Amino acid sequence: MTQLIIGIIAIIIALFIIKKVVGCVARIVVIIILCAILSILYATHANAQLFKPKKKPQESYTITQDGQIKKRALFEKKPKAERVIDPKYLAGACPEVNGKIQWQKAIEVPGKSAGEIYNTMLAFTKGYCSETGGNGVNPKTDVSKISITDEANHQIVARVQEILTFENKFLSLDQTKFNYQLVIGCFDGRCLVTMCNLNYIYDEERGGGQFPAEDMISDAQAINKKGDGFQKGGSEKFRTKTIDAKDALFNRIEETLKK
């Protein structure tokens, strides 16, 4: 950079001198001196670059599976990190009964009668069907309600419609209405909870429709042939969100019964 500045200054001075000097011979002499100065500056710069120490390429290393440190080749691509999927979403996570996806959980409640469990579950289900969301809870629509209460046999059946949100960003809202039937059977010291008859109402604004869960989240539709990942096509978001909703419901019922 310094040589460049000096060279520019020398050129300016030389041009000024050339204008002032009278006679062809004198001008030629000035031009020769200018060329000599520029040649010296160029040679100095070239020598500086020639003897300038070169930077060595940064070396990188990897650790093999057996714990050995291995030097990675200069142009070797870094291996892509493998995606780890929670096994609870993979093959077998959506069991089918007579071709229909259905989840069932038996919860042991020692020391409580069928009537006590029934009353607890009736109050829970009424509150559950009227939830408006918040605090990690999926909101329920007005469709959600208790359809059957059989106090004599300690049975409760509710039809639930809740909103599953896949993405909620600025100018981008992706969600579905998730419909299912909740069946609760109460016995002495035990409660049997069943989630069945699942379907989705998706993309209504753009001509979507109602889709049975078997066409969206079953192993055949959602899981790849190896059983260790998802198929392409969008079924992953339905399967993971549905399983999460099921787990949240069953866990809340168990917590309520064991208070």
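Bear in mind these aren't lab numbers, they're just calculated from the coordinates by the rules spelled out. What you are looking at is a predicted structure, and each value in this text was computed from that prediction instead of being measured. When we count neighbours, we look across all protein chains shown, and the Cβ atoms used for this are built from the backbone with ideal geometry, even at glycine.
Data for the structure
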| quantity | calculated |
| --- | --- |
| Amide H within-cut-off set for Asp188, under 5 Å, with H built and near neighbours excluded | Ala114 |
| For Gly229, residues with placed amide H under 5 Å, excluding near neighbours | Asn224 |
| Prolate/oblate/rounded call for region 142-202, Cα gyration tensor, a/c under 1.5 rounded | prolate |
| Average Cα contact separation per residue, region 81-183, under 8 Å, 6 or more apart, as relative contact order % | 16 |
| Using a Förster distance of 30 Å, the FRET efficiency for Lys145-Asp228 (Cβ separation, nearest 0.05) | 0.15 |
| From phi via Karplus (6.51, -1.76, 1.60), per-residue ³J(HN,Hα) for region 99-112 in Hz, x at Gly/Pro | x, 10, 5, 8, 10, 9, 9, 9, 10, 7, 10, x, x, 10 |
| Rounded to whole Hz, the Karplus (6.51, -1.76, 1.60) HN-Hα couplings of region 220-230, x for glycine and proline | 5, 9, 10, 9, 6, 5, 6, x, 10, x, 9 |
| HN-Hα J in Hz across region 151-157 - Karplus 6.51, -1.76, 1.60, θ = phi - 60°, x for Gly and Pro | 5, 5, 9, 6, 10, 10, 10 |
| Shape call, region 167-208: gyration tensor on alpha carbons, a/c limit 1.5 | oblate |
